[in-house]
1. In region 49-62, what residues are open to solvent by less than 30 Å² (accessible area, probe 1.4 Å) and of a type in the set (Phe, Trp, Tyr)?
2. Condition first: among the polar types (S, T, N, Q) and either surrounded by fewer than 16 Cβ atoms within 10 Å (Cβ to Cβ) or without any contact (Cβ under 8 Å) to a residue 12 or more places away in the chain (or both). Now tell me which residues in region 231-247 satisfy that.
3. Looking at Ile29, Ile93 in this structure, which one is among the β-branched types (Val, Ile, Thr) and under 21 Å from Glu184 (Cα atoms)?
4. Taking region 248-259 only, how many residues are without any contact (Cβ under 8 Å) to a residue 24 or more places away in the chain and either among the charged types (D, E, K, R) or open to solvent by less than 70 Å² (accessible area, probe 1.4 Å) (or both)?
5. Criterion first (surrounded by 13 or more Cβ atoms within 10 Å (Cβ to Cβ), closer than 15 Å to Gln95 by Cβ and without any contact (Cβ under 8 Å) to a residue 12 or more places away in the chain) does Tyr65 satisfy it?
6. Among the candidates Asp124, Asp86, Asp97, which residue alone is open to solvent by 40 Å² or more (accessible area, probe 1.4 Å) and either under 23 Å from Ser206 (Cα atoms) or of a type in the set (Lys, Arg) (or both)?
7. Checking Ala262 against (1) surrounded by fewer than 17 Cβ atoms within 10 Å (Cβ to Cβ); (2) in contact with a helix residue (DSSP H, G or I) (Cβ under 7 Å, 6 or more places away or on another chain); (3) at pLDDT 75 or above; (4) farther than 23 Å from Glu80 by Cβ, only one condition comes out false. Which one?
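The values are calculated or read from the model by the stated rules, or taken from the named source; none is laboratory data. Just so it is clear, the structure is predicted and the values come from calculations on it, not from any experiment. Cβ placement follows ideal geometry from the backbone for every residue including glycine, while neighbour counts extend to all protein chains displayed. Each accessible area value is taken on the protein alone, full model and side chains, heavy atoms only, with ligands, DNA and RNA left out. Shrake-Rupley method; radii C 1.70, N 1.55, O 1.52, S 1.80 Å.
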Amino acid sequence: MYKHFSLALMFVALLLGSSACKKDQGINIFTLEQDKEFGAQLKTEIDANPAEYPLLPYAGNEAAYQYLYDMRDEILSSDELNYRSDFGWDLYIIQDDNTLNAFCAPGGYIYVYTGLIKFLDDADDLAGVLGHEIAHADQRHSTQQMTEAYGISTLLSVLAGDDPGMLAQIVTNLTSLSFSRSHERDADDHSVDYLCDTEYASNGASAFFQKLIDQGQSGSTPAFLSTHPNPDNRVQDINDRAAELGCSTTPKANAGYAAFKALLP
């Protein structure tokens, strides 16, 4: 079914046989092109389900989207990204004020909920979360997690075209995929790495956790930033990462963030 099946087999052999492959890196039998294909399929499903994913149209909301695209471009300017020229990094706003969420599908399809934007206080905070989500796609965590969740033998059968129904199920489940502890920590670290090269405070992602803690919501942290490790530890770890790298944690002068939020319905 997929033209990259033989490449996937080759990658499995290389990954399993290579002594240089560290345990915490995980095994990913999917190709980069398949990350893009999965992301495109997921986008199609989201577009077809406005009841669950009420996308804010670009027309009439150009200024709000431009603000986010400028922020995205600043993050993508970091030299730390692997695939900034390979993925499209399209960005979409989901109009749902009751959901503190954001996610980035394989291939770089970025979705941000209005609830998250309005919950955060500063541009640095949102940039930190965007950096975290971009890291999940750039480090290919979704397809690594899929490899672990479904098993190599099952996925090889799917890639061979033996079970097309399973492939559709896998793609559908991407939006509810729960990342591992190591992937969440890796995304936190890379958010700092990316923002270190920008005008934003490198520890911006920690503000989200800190606000949850301050408001007593740490026990119900949204799935997109999993509760393992817990928010308290993640605030400290993010700040430690910034200190270790010598990155600035001075907040950006962001009077424009309030104006940006005011643009949203």
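1. Of region 49-62, the ones open to solvent by less than 30 Å² (accessible area, probe 1.4 Å) are 53, 56, 61.
Listed by number, the list holds a single entry, Tyr53.
2. Asn233, Gln236
3. Testing whether each residue is among the β-branched types (Val, Ile, Thr) and under 21 Å from Glu184 (Cα atoms) leaves just Ile29.
4. The total comes to 2.
5. Working: surrounded by 13 or more Cβ atoms within 10 Å (Cβ to Cβ): yes; closer than 15 Å to Gln95 by Cβ: yes; without any contact (Cβ under 8 Å) to a residue 12 or more places away in the chain: no.
Against the criterion (surrounded by 13 or more Cβ atoms within 10 Å (Cβ to Cβ), closer than 15 Å to Gln95 by Cβ and without any contact (Cβ under 8 Å) to a residue 12 or more places away in the chain), Tyr65 does not qualify.
6. Asp97
7. (2)
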